[in-house]
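Read the structure below first, then the notes.
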Amino acid sequence: MQYHVNGFKAGDPDLLEAAPGHRRAGEPLPETVDVLIAGSGPAGLCLAAQLARVPQIRTMLVEPKLGPMEKGQADGISVRSMEMFQAFGFAEKVMRESVWINETTFWAPGTDAPLTRVARVDDVPDGTSEMPHVLLNQARVHDMFLDVMRHSPTRLEPDYGLKVLDLAIDPTAAEYPVTVTLEHTAPDRLGQTATLRANYVIGCDGARSNVRSAIGGALHGDAAHHAWGVMDVLAVTDFPDWRKKSFVRSQDEGILMVLPREGGHLVRLYVELDRLGEDERVADRGMGAEDIIAKAKRIFHPFDLQVKDVVWWSIYEIGHRLTDKFDDVPEGQVANRSPRVMLAGDACHTHSPKAGQGMNVSMGDTFNLGWKLISVLTGRADPALLHSYSGERRAAAKGLVEFDHKWARVVGAKAQDDLADGLPRVAREFVNNLPFTCGLTIQYEHSALTGATTHQHLATGFDIGKRFHSAPVVRLADAKPMQLGHCIDADARFRLFIFAPANDTGSQGDAVATLCDWLEHDAALPLHRHTAAGEDIDAVIDTRAVFQQSFRELDYAAMPKLLRPNVGKLGLCDYEKVFCSDLKRGEDIFEMRGIDRNAGCVVIVRPDQYVGHILPLHARDDLTAYFAGLLRVRG
């Protein structure tokens, strides 16, 4: 973590210097904002946390509730989301507070007992990620995003008691084309409205999104017509796997899922309830917490369950729905009109909670969108870049909805005794689906943002279009062992990782130094073309190198100047851009990620941690063309 770059900074390093001129929540409403975010759920807060760090951007976040969430609905945090949390700086805090899901067990009727454990599997396959799969109250995740916002230069906080009622877009207006009508929800101001204008509006306002309705969007899909209950409980039981993720299937009463929660005692239960008629809604049954408890007890029999406290409960109907488009631009106008209103999270896709993907995919939506908005609003990229959001994230959401549809039917199926490889069907499907539930199967298609796979063979473990799969390295300057992916912060910068060929020591004349000299000194090349006057050379594209040798075999002082840049107001040297394989621990990133030892390569990583391209060290035209297709000339 670097925080003395512009002078000595005492106190909490996460508390950044406040930028002047930003409105505080609760103050009179502004006439205009750059970005208005509707909804302070995971999607809205993930976006707000990114925008809050950019002093040039005026952001407002409105939330109909009168205060922050205390008891959350979602709780599962995939390893992919944990990797994202690392970029925000709070992954370690989540790991300390959360419960880690290490093993999943499966229970079903046995030949000699009403319930017996029939399978147990690793919840996260070895080598998947350096991060665990954890469970934590959604409200705590909100708190951590809120802390990032409060500590950011803009000191952004939600405006509670306000919701987007309606909006109108003037596609001919160059500035603030979206007129938004806000409605107060506090009891003393109920029904009062106000208007403001925005450059962009992001609808993170849930399945009943007013933002989606205002742009003519609708959710399409189906419902399984099956009621499920969910509850967080403090209970006493003799069920052996109470602190493990478990699927429990009874002979005649259906299925439930056990999910241990943080704190050592709290547990969440998902309980299969009743089938619903074709036109029947959950509310029509009038079921409550006692119905969920009674059904759970019947499923757990002969194990005893004594619920001492119900912390939170809900009854829901499974639904799988997706909207046609995640922005306001009609298909026929894409060529001459850029998005001004975009949707994220439940506003554009809904699904059952059984795969644990709702909060994770919602945050993934706005982690994708955040850096694109920042690039456009700070002048780094053309507004047309925002078209890529709907294309990339709708495809990801479509995959989730299709997966969830199939998985819900596997979990709810009656016949589960077809053993193969020693596992019942639900356990086999669970194992097969682990890459998906870990959040690691999203792969963006070839586009300006995602290069062709022509040179994929140079680094077979970094799939183009997939998330950058971190691996251990040692930082050269201070011999610190660390994860390479942990140098990717949520700061809207691209990363250019140069993997050195064999015997390259970074000395003058070697391939790495030659490439770095070219990048640093040629004004027609990416680092200069796309970096504004007065910005540090790594302000837009952050170049780093990884060498094959042990850290004791290399001379930091001999490294190219681009890898030892002078940055900030004081022109201090950045010592954190050169890494080596961790040979001492036997964790060689070149071997682990299939990097061509003889040729080396360049791996371009997008600001959202996805691999944008892989190129040979000599492919300078291709490197230049990649960034030219995304970023404006500013040098």
Counting only DSSP beta bridges with both residues in the chain, what percent are antiparallel, rounded to the nearest 5? 75 percent
Could you give the angle, 0 to 90 degrees to the nearest 10, between helix 387-412's Cα long axis and the longest principal axis of the Cα atoms of the chain? 30 degrees
Can you give me the Rg/Rh ratio for segment 315-408, using Cα atoms for both radii and the Kirkwood formula for Rh? 1.03
In what sequence, highest mean first, do 536-545, 105-114, 607-616 appear when ranked by Cβ atoms within 10 angstrom? 607-616, 536-545, 105-114
Choose one of F499, L484, H521: the residue whose Cα lies farthest towards the positive end of the charge dipole of segment 461-523 (beta-carbon charges +1 Lys, Arg; -1 Asp, Glu; about the Cα centre). L484
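Sort 559-567, 447-455 by the packing proxy (mean of other Cβ within 10 Å over each peptide's residues), most packed first. Could the numbers behind the result be given before it?
Details: 559-567: 19.3, 447-455: 17.1.
Packing order, densest peptide first, comes out as 559-567, 447-455.
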Write down the radius of gyration of segment 513-635 and its Dmax, each obtained from C-alpha positions, in Å. 15.2, 43
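First measure r as the distance between the Cβ atoms of V236 and D122, then evaluate 1/(1 + (r/R0)^6) with R0 = 30 Å and state the FRET efficiency to the nearest 0.05. Each step should come with its number before you reach the end.
Working: r = 29 Å, r/R0 = 0.95.
For V236 and D122, the calculated efficiency is 0.55.
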For the chain, the longest principal axis of the Cα atoms and the Cα long axis of helix 138-151 enclose an angle in degrees, to the nearest 10, of 30 degrees
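Given only helices, namely DSSP H runs of n ≥ 4 each adding -39500 (n - 2.57), what is the per-residue ellipticity at 222 nm of the chain, to the nearest 500 deg cm²/dmol?
Values: 14 runs with 144 residues, N = 635.
Dividing the helical sum by the residues of the chain leaves -6500 deg cm²/dmol.
Take peptides 22-28, 58-64, 299-305 and line them up by average Cβ neighbours within 10 Å, highest first, as a rough protection proxy.
On the way: 22-28: 12.1, 58-64: 24.1, 299-305: 16.4.
Result, highest mean first: 58-64, 299-305, 22-28.
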Spin-label model distance (nm) - K466 vs F8, 7 Å beyond Cα toward Cβ: 4.8 nm
Sulfur and carbon atoms: percent of accessible area, the chain [1.4 Å]: 49 percent
Among residues other than F106 whose Cβ falls under 9 Å from its Cβ, what is the net charge (Lys/Arg +1, Asp/Glu -1)? +3
With bins 10 Å wide starting at 0, give me the P(r) of segment 557-626 over every alpha carbon pair, in whole percents. 15, 34, 41, 10
[x] 1.00; [y] 1.28; [z] 1.19: which one is Cα Rg over 2.2 N^0.38 Å as calculated from this entry? [x]
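The values are calculated or read from the model by the stated rules, or taken from the named source; none is laboratory data. Fair warning: this is a prediction, and the values are worked out from it, not measured in the lab. Don't worry about glycine lacking a Cβ; one is built from the backbone with ideal geometry, like all the others, and counts go over all protein chains shown. For accessibility, only protein heavy atoms count, side chains too; no ligands or nucleic acids. Shrake-Rupley method; radii C 1.70, N 1.55, O 1.52, S 1.80 Å.
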